[in-house]
1. Which value at 222 nm does the chain reach when only helices count, each DSSP H run of 4 or more adding -39,500 (n - 2.57), with the total divided by all residues and rounded to the nearest 500 deg cm²/dmol?
2. Under the rule that an exposed site lies in a DSSP loop and has at most 10 other Cβ atoms within 10 Å, name the longest stretch of the chain with no GluC sites (Glu not before Pro) of that kind, not counting the sites themselves.
3. Using +1 at the Cβ of each Lys and Arg and -1 at the Cβ of each Asp and Glu in the stretch 90-166, identify which of VAL151, ALA107, GLY123 lies farthest towards the dipole's positive end.
4. Going by how many other beta carbons lie within 10 Å of each one, how would you line up VAL151, VAL18, fewest first?
5. Nearest 20 debye, what's the magnitude of the dipole of the chain about its Cα centre given +1 on Lys and Arg Cβ and -1 on Asp and Glu Cβ?
6. Give the average over all directions of the projected area of the C-alpha convex hull of the stretch 83-164, one decimal, in nm².
7. With volume of the Cα convex hull per residue in Å³ in mind, check (1) 316; (2) 113; (3) 235 and report the label derived from this structure.
8. Given charges of +1 on the Cβ of Lys and Arg and -1 on the Cβ of Asp and Glu, with all other atoms neutral, how large is the dipole of the stretch 108-149 about its Cα centre, in debye to the nearest 20?
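No value in this document is a laboratory result; all are computed from the given coordinates. Computed from a predicted structure; not experimentally measured. All Cβ positions, glycine included, derive from the backbone under ideal geometry; neighbour counts span all protein chains shown.
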Amino acid sequence: MALNLSIAQMLAKLEAKVAHHREKKAFHAEQERIHRDQTAVHAAELDTALAHLEAFRAASLSAGELLERDESLRKPAAQAEEEIDLRGKRSLSQMVAKVLEGKAPTAVFGATIVTSEIESRWGAKLRRRPDSRSVAAALRRWAEAGLLHQVREGRAYHESLYRKAP
């Protein structure tokens, strides 16, 4: 494609192109200097952050060892909760039994109270929250077997209450 440009027009376009590229070259050289400076700043910050990270890791490891040592001293009290296989078929009944072991003989309780204690003891280890209706069914079966004494019969608007059998 042939352009019919005069020599003066061609010279003006070439001079504009040269000026544009000189300007871009200067701009990118300045950007390169800025990026080099920023690279140095970030390298120094990275070194500082790495040093702090290593110090924090070392401190957290020693704190973790201290907590493990404290936990190992308290193992016998916490061992009863770890005896339960939380993935087994009868894990809910076992958890209910462990909760009821800690109840006083005169304590009155319902499914809601037992469920909340199960959640507070084993909630972090359970795949899903226990259903208070399932806990109520377990308590009802135990009352029928004579292991618990029913203090109040449940209705639509209040739950059954139980006490340990004398």
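1. Theoretical 222 nm ellipticity from helices: -23500 deg cm²/dmol.
2. 1-82
3. Farthest along the dipole direction, towards plus: GLY123.
4. With the fewest neighbours first, VAL151, VAL18 line up as VAL18, VAL151.
5. Rounded to the nearest 20 debye, it is 860 debye.
6. That works out to 5.4 nm², a quarter of the Cα hull's surface.
7. Label of the calculated value: (1).
8. That gives the stretch 108-149 a dipole magnitude of about 240 debye.
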